[in-house]
Amino acid sequence: MRSLFDRLALVAAALLTVGVSSAAENDVLYWMVDETATVTRTDGTTAAISDYLASPDVAVSGSYNAARVRVTGGGIQEGQDVFLDLYIPGYGVDEGGGYWGVEFSDDSGYWGAGVPTGNQSPSGDYSAGTPEYSFIVELGNIDSNDNWTTVATSASATYSSLGDYIHKTFDLNPGQTAVWTPGSFQAVPEPSGGLLVLMGAALLALRRRRFGRYS
């Protein structure tokens, strides 16, 4: 039979667990992309983010640029698309809106996605996990049919490493709240280029098989 002390200890532990879980559910990640960021192209050269997004090999007529936060690790399977939702002041959480992210725009003299106070994304669902959850900021083009094409990505950051940017409640006036602002991105090779490589490899293999029959 458990002693009274043991039972009280179990109750206290249970309450603590509930409290931690409840607090985690209210976690909000503040993040943005601003004009100070740079992008390393596939050829190794570096460009200011605004120049990169406007370059002919990235910009697409009729589309606009946006940024979103991809979640990886934890119980997320490889190839599964999971993105942080967005909190819209005066509306609430736009569930599923994280896929399209936040559009790049000018705001009171600032240019970027979520400038100058940052975007607010519920992150409590990903506060624990083995392996730990991680976040990646993706830059992309969205066409007139709402199709997203990723053009660059930030380095991956674990949930625990972003503690300074995670806060407990939504704030209509975040003020000086610390905001995760990745300063560098890596360009993603053009899908058409990768497709050409695969087609070339397939044709080469076919050519070898055809010539092998006559050797």
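The values are calculated or read from the model by the stated rules, or taken from the named source; none is laboratory data. If you're wondering where the values come from, they're calculated on a predicted model, not measured in any experiment. Ideal geometry is used to build each Cβ from the backbone, glycine not excepted, and the neighbour counts take in all protein chains shown. Side chains are part of the model used for accessible areas, which takes the heavy atoms of the whole protein and leaves out ligands, DNA and RNA. Shrake-Rupley method; radii C 1.70, N 1.55, O 1.52, S 1.80 Å.
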Exactly one of (1) at pLDDT 95 or above; (2) assigned to a helix (DSSP H, G or I); (3) in contact with a Lys or Arg (Cβ under 8 Å, 6 or more places away or on another chain) is unmet by residue 50. Its number? (3)
Can you tell me which residue is nearest to residue 177 (Cα to Cα) among those in segment 41-71 that are of a type in the set (Val, Ile, Thr) and open to solvent by less than 40 Å² (accessible area, probe 1.4 Å)? 69
Verdict on residue 183 being over 15 Å from residue 29 (Cα atoms) and either in contact with a helix residue (DSSP H, G or I) (Cβ under 8 Å, 6 or more places away or on another chain) or not hydrophobic (A, V, I, L, M, F, W, C) (or both): yes
Requiring at least 2 residues that are surrounded by 12 or more Cβ atoms within 10 Å (Cβ to Cβ) and β-branched (Val, Ile, Thr), the strands (runs of 3 or more DSSP E) wholly within segment 72-158 are 134-142, 148-153
